[in-house]
Amino acid sequence: MHSARRRLAQELDPELYPRAGLSPLNTFLLAFIVASIIIGILETEPVLREDWPRFFKLAEFAFVVLFLSEFAGRLICAPLNPRYGNILGFLRSWPALIDVAVLVTLVLPFFGLEPTLLRMVRALRILRLARLGRFSIALSHLGEAFAERRYELIAGFVFSGLLLLCAATALYLVEGGIQPEAFGSIPRALWWAVATLTTVGYGDVVPVTGIGRVLAAFTALAGIAVIAIPTGIMAAAFTDVIRKARQEAQKRKEKKDGT
């Protein structure tokens, strides 16, 4: 009994799994989570929901049974993880809170409620499993890159904000009297500035005066720099972090070979 519980704990609990990466059981659960998200997305289409009501109900029932079984298994195995110590300690952890939130969104439809958007909470469970193995290493590299370049990123966002404000103010002064609904105030002009600086260019609001179009052209060109600045900063940060990680791995390997 104890050995079976230990094996189940190793399969369910990432911290107890003796090897790197996902356990076979967690790999299956990850596939099930992705399937539940896809079905939840498809269910928002009225045609599919009306043509396949039985399929969606059976699928939701299967998800409830599986995720309830998984949660029960995690409760049983929680005392084997020293970090939790007992079931109550596990229930206080953020992975347990995510599990509870997912289970609530799965059970509500059976009581006549249809929290379609809330069902997307189950996507958080992918983030939970993403903490494993190489996914965990990749996420740590991401966090380290952001941490090392946080001041440069903040400076870039401040520059972008100032550029955004200047563009909106300029178009307010030039086009405000001609197109009051679009540029009659700086907050109204900010919508155009955001769409232009991010190079989205919806086209729902455009300047009509010559000066306004010239300013819009400069704003659009500046938008390229706005996008390029954080991209370049993060690319350089990732390169530095990965190079550093490889150097540390090489040093550990040389040290191990030397001993």
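In this structure, is Leu29 part of a helix (DSSP H, G or I) and surrounded by 18 or more Cβ atoms within 10 Å (Cβ to Cβ)? Criteria met by Leu29. Restricting Leu162, Leu124 to residues that are modelled with pLDDT under 65 and in a helix (DSSP H, G or I) narrows the list to Leu124.
Against the list (1) surrounded by 14 or more Cβ atoms within 10 Å (Cβ to Cβ); (2) outside any loop (DSSP other than H, G, I, E, B), the condition Thr231 fails is (1). Right, Glu70: of a type in the set (Asp, Glu) and free of Cβ contacts under 8 Å to residues at least 24 places away in the same chain or not? No.
Of all residues in the range 84-97, those satisfying the criterion of being part of a helix (DSSP H, G or I) and either within 26 Å of Ala4 (Cβ to Cβ) or not aliphatic (A, V, I, L, M) (or both) are Ile87, Leu88, Gly89, Phe90, Leu91, Trp94, Pro95, Ala96.
Residues of the range 165-210 being closer than 24 Å to Ala235 by Cα and of a type outside the set (Val, Ile, Thr), which ones? Within the range 165-210, Leu197 is the sole residue that qualifies.
For the range 204-219, check the following and say yes or no: at least one residue is part of a helix (DSSP H, G or I) and either among the aromatic types (Phe, Trp, Tyr) or under 25 Å from the mean Cα position of the chain (by Cα) (or both). Taking every residue of the range 204-219 in turn, at least one turns out to be part of a helix (DSSP H, G or I) and either among the aromatic types (Phe, Trp, Tyr) or under 25 Å from the mean Cα position of the chain (by Cα) (or both).
Only a single item in (1) at pLDDT 80 or above; (2) not assigned by TED's automatic domain parsing to the domain that holds Leu22 is not met by Val100, and it is number (2).
Condition check ((1) assigned by TED's automatic domain parsing to the domain that holds Arg92; (2) aliphatic (A, V, I, L, M); (3) under 21 Å from the mean Cα position of the chain (by Cα)) across all residues:
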{"residue": "Leu8", "(1), (2), (3)": "yes, yes, no"}
{"residue": "Asp13", "(1), (2), (3)": "yes, no, no"}
{"residue": "Pro18", "(1), (2), (3)": "yes, no, no"}
{"residue": "Leu25", "(1), (2), (3)": "yes, yes, no"}
{"residue": "Ala35", "(1), (2), (3)": "yes, yes, yes"}
{"residue": "Ile41", "(1), (2), (3)": "yes, yes, yes"}
{"residue": "Pro46", "(1), (2), (3)": "yes, no, no"}
{"residue": "Leu75", "(1), (2), (3)": "yes, yes, no"}
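Ile242 meets each of the listed conditions (1) surrounded by fewer than 16 Cβ atoms within 10 Å (Cβ to Cβ); (2) assigned to a loop (DSSP other than H, G, I, E, B) apart from (2). A Cβ distance below 6 Å, combined with a sequence gap of six or more or placement on separate chains, defines the contacts here; from the range 233-259, residues that are at negative phi reach residues that are at pLDDT 75 or above and among the small types (Gly, Ala, Ser) in the pairs Ala237/Ala145; Phe238/Ala145; Val241/Ala145.
Let's see how each residue does on (1) within 18 Å of Gly143 (Cβ to Cβ); (2) polar (S, T, N, Q):
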{"residue": "Ala217", "(1), (2)": "no, no"}
{"residue": "Ala235", "(1), (2)": "yes, no"}
{"residue": "Gln247", "(1), (2)": "no, yes"}
{"residue": "Arg252", "(1), (2)": "no, no"}
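Condition check ((1) in a loop (DSSP other than H, G, I, E, B); (2) crowded, with 16+ Cβ neighbours inside 10 Å) across all residues:
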position	(1), (2)
Phe56	no, yes
Phe61	no, no
Phe67	no, yes
Glu70	no, yes
Pro82	yes, no
Leu103	no, yes
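In the range 204-228, what residues are surrounded by fewer than 13 Cβ atoms within 10 Å (Cβ to Cβ) and either within 16 Å of Arg150 (Cβ to Cβ) or touching a residue at least 12 places away in the same chain (Cβ under 8 Å) (or both)? Across the range 204-228, the qualifying residues are Val208, Ile224.
The values are calculated or read from the model by the stated rules, or taken from the named source; none is laboratory data. In this text, all values refer to a predicted model and were calculated from it rather than measured experimentally. All Cβ positions, glycine included, derive from the backbone under ideal geometry; neighbour counts span all protein chains shown.
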